[in-house]
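Asker: Sharing a structure below in structure tokens format, with a few things to ask.
The values are calculated or read from the model by the stated rules, or taken from the named source; none is laboratory data. Small disclaimer: the values here were computed from a predicted structure and weren't measured. Virtual Cβ from ideal backbone geometry, glycine too; neighbours counted across all protein chains shown. SASA here: full protein model, heavy atoms, side chains in, ligands and nucleic acids out. Shrake-Rupley method; radii C 1.70, N 1.55, O 1.52, S 1.80 Å.
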Amino acid sequence: MDVIVIGGGIAGVATAYQLRAAGHRVCVVERHATVAQGASYGHSGVVLPTPLDVWFGPTFLRNGRHSSGGVICKTGVTGQARAFVKRLASLHGSEAFAARYALLRPLIESAQAALDDVEGRFQLEYEQREGLLYLVRGNDEWSLNQAALELLRRFETPHHVLTPHECVAAEHTIPADPPFAGAVRFDQARIANCPLFVKQLKQTLDTLGGVQFETGRTVSAIRVENQRAAVELAPRPDEAGKRRDVEVISADAVVVAAGAQTPKLLAPLGLKLPVYPVRVHTLNAPVAHEECVPNTTLVDAARRIVVTRTNHRLRIAGGAVLQRTKQLEQALPEALTEEALALLGEASRDWAPGAARISAALAWEGMKLLSADGLPAVGNTGHPRLYVNAGHGPAGWALALGSARLIAAQVSGTAPDLPADTIEALAPARS
Ligand SMILES: Cc1cc2nc3c(=O)[nH]c(=O)nc-3n(C[C@H](O)[C@H](O)[C@H](O)COP(=O)(O)OP(=O)(O)OC[C@H]3O[C@@H](n4cnc5c(N)ncnc54)[C@H](O)[C@@H]3O)c2cc1C
């Protein structure tokens, strides 16, 4: 079949890869001049989520008023944003959390298998390394994390629970004072450069053939009919106002993997995804003192801020901001940007003092889609020619590869490697 994939982030390029592997011809349309320029660029490197970093459960958005749970919510959040927070709160209980994670788990396993397969075939080098340390500040936070620890045991995920003393001994940069509650160490958790992987996968596809990349082109509308699907392309910047006809590419199916733009592209077709966009920030700071740089990637568990080394810099990512829908099209007010960046600076100073020169850091802001029920929106939409791979929240790095496998199986009419209840729970048209 001929398939159009909208979006050249990890989700779009992974989808193209899996569709090609299943024998289809693919055209990826990306509005930027190259791939991995959206949320995939801002990644903090954690390849696959553990129960401690999924975007639902006892710790997530625990307190809707401030930065607790990793999200800055301004009071007065109304309408859709409020409904979103309320729905996520229904997953605070440990049973609801465990049931939801059990649905996500097969997708994590499929993503791991997909990544291993790509690595085995093409020997890609994208700055992979191992080691992750979740740091827990207070005892209240520690007790909220017990449900996640229970899931780690249940799914036999290798990890070590550390006392503050053991933690300071294991990672010399962490100060013993002020006191903190403890940590969870994952020696085998993988960290890697997501945009580098996306670019290498594109390069691999360029070499293999069968996937065409239309970069610098924006999809302005999707058309789906019984016999055919198509996308309309906005005029190139140098053609604006000159072209009268609409440029259209048609195919047998369309996969929307357009990151935060996905709901906007689907809305005219009457499809509403159960997702909500949040802004996220990164600081890229030069290393200040080599001996203060942590060996492991650190996660401030309650604030969901990741501190990781990339070459000669420290990348500090997090500072999510939840806003009302009508504020999303506007630039973030300066005070909120400062608040988000201050949280990042604080986390870096608290857990790796002296490591980063925050005053010389470059700031970046991106948008990611979180779903109200904690799972991404993946698979067929109900229309036989329309598919979605989006809404992976803070965990799309490798998860999108597993999602891409599901889409390739659905497009091909072959049996997916996921259980039926997971496929149902991921369905983009779920309410
Ligand atoms: C700061 C930050 C840290 C993160 N850390 C991690 C982490 O450690 N681990 C993890 O697993 N995940 C992490 N994530 C989340 C992860 O990066 C995302 O889940 C993932 O990158 C989403 O990929 P995507 O392809 O769906 O979206 P994107 O990367 O945003 O790609 C969508 C693409 O679609 C294109 N597009 C949009 N509209 C159109 C259109 N109309 N026409 C043509 N092209 C279009 C965009 O230009 C873009 O390139 C992080 C995200 C952020 C922002």
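Asker: When the chain is fully extended, how far beyond the present Cα-Cα distance does GLN203 get from ARG87, taking 0.36 nm per residue of separation? Intermediate results must be reported in sequence, preceding the final value.
Answerer: Values: separation 116, 0.36 × 116 = 41.76 nm, distance 4.06 nm.
Going from the current span to full extension adds 37.7 nm.
Asker: What does the convex hull of the Cα atoms come to per residue for region 96-203, in Å³?
Answerer: 131 Å³
Asker: Which whole-number percent is the relative contact order of region 153-282 (Cα, under 8 Å, 6+ apart)?
Answerer: For region 153-282, the relative contact order is 14 percent.
Asker: Okay, next question. What does the charge count around ARG137 come to, taking other residues whose C-beta lies under 10 Å from its C-beta (Lys +1, Arg +1, Asp -1, Glu -1)?
Answerer: -3
Asker: Another one. What does the helix-only formula give at 222 nm for the chain: each DSSP H stretch with n ≥ 4 adding -39500 (n - 2.57), the total divided by the residues, and the result rounded to the nearest 500 deg cm²/dmol?
Answerer: Values: 12 runs with 140 residues, N = 431.
Per the formula, -10000 deg cm²/dmol.
Asker: A further question follows. Roughly what would the spin-label model give for GLN80 and THR163, points 7 Å off Cα along C-beta, in nm?
Answerer: Distance between label points: 5.0 nm.
Asker: Here's a follow-up. If packing is taken as the mean number of other Cβ atoms within 10 Å per residue, what is the order of 139-145, 370-376, highest first?
Answerer: Output ranking for 139-145, 370-376: 370-376, 139-145.
Asker: Determine, for each peptide in 210-221, 113-124, 317-328, the mean count of other beta carbons within 10 angstrom over its residues, then list the peptides with the highest first.
Answerer: My ranking of the peptides, most packed first, is 317-328, 210-221, 113-124.
Asker: For the chain, with the dipole built from +1 on Lys and Arg beta-carbon atoms and -1 on Asp and Glu ones, taken about the Cα centre, which of LEU266, TRP364, GLY379 lies farthest toward the positive end?
Answerer: Final value for the positive-end residue is LEU266.
Asker: OK, next. If I model a spin label as a point 7 Å beyond the Cα along the Cα-Cβ vector, how far apart are those points for ALA221 and LYS264 in nm?
Answerer: Distance between the two pseudo-spin positions: 1.7 nm.
Asker: Based on the inverse mean of 1/r over its pairs of different Cα atoms, what is the Kirkwood hydrodynamic radius of region 26-181, in Å?
Answerer: On the way: mean 1/r = 0.0536 Å⁻¹.
In region 26-181 this quantity evaluates to 18.6 Å.
Asker: Kindly report the accessible area of region 283-431 per residue (heavy atoms of protein chains, probe 1.4 Å, no ligands, DNA or RNA), in Å².
Answerer: Averaged over the residues of region 283-431, the accessible area is 38 Å².
Asker: Same structure again: Accessible area per residue of region 55-198 at 1.4 Å probe, in Å²?
Answerer: With the other protein chains kept in place, region 55-198 gives 46 Å² per residue.
Asker: I would also like to ask the following. Counting each pair of different Cα atoms once, what's the Kirkwood radius of the chain in Å, rounded to one decimal?
Answerer: Working: mean 1/r = 0.0454 Å⁻¹.
It works out to 22.0 Å.
Asker: Rounded to the nearest 0.05, what FRET efficiency is calculated for ALA234 and TRP364 with R0 set to 25 Å and r the Cβ-Cβ distance?
Answerer: It comes to 0.50.
Asker: Continuing with the same structure: Among GLY366, GLY57, GLY391, which one shows the highest mean-square fluctuation when the chain is modelled as a Gaussian network with alpha-carbon springs under 10 Å?
Answerer: Top of the fluctuation ranking is GLY366.
Asker: Quick one: pull the percent of accessible area on the chain belonging to carbon and sulfur, 1.4 Å probe, ligands and nucleic acids left out.
Answerer: 50 percent
Asker: In the chain, what percentage of the DSSP-assigned beta bridges are antiparallel, given to the nearest 5?
Answerer: In the chain, approximately 70 percent of DSSP beta bridges are antiparallel ones.
Asker: Within region 223-300, report the trypsin sites (Lys or Arg not before Pro) that DSSP leaves as loop and that have at most 16 other Cβ atoms within 10 Å. Write down the numbers at each step before the final one.
Answerer: Values: sites: ARG223, ARG228, LYS242, ARG243, ARG244, LYS264, LYS272, ARG279; in loops: ARG228, LYS242, ARG243, ARG244, LYS272.
Those satisfying the criteria are ARG228, LYS242, ARG243, ARG244, LYS272.
Asker: I would also like to ask the following. Would you mind giving the three semi-axes, in whole Å and largest first, of the ellipsoid equivalent to region 224-310 according to its Cα gyration tensor? List each step's numbers first, then the result.
Answerer: Working: eigenvalues 368, 77, 30 Å².
With the √(5λ) rule applied to region 224-310, the semi-axes are 43, 20, 12 Å.
Asker: Could you give me the percent of Cα pairs per 10 Å distance bin for region 1-47, shortest bin first, beginning at zero and ending with the bin that holds the maximum distance?
Answerer: Over region 1-47, the share of Cα pairs per 10 Å bin runs 29, 47, 22, 2 percent.
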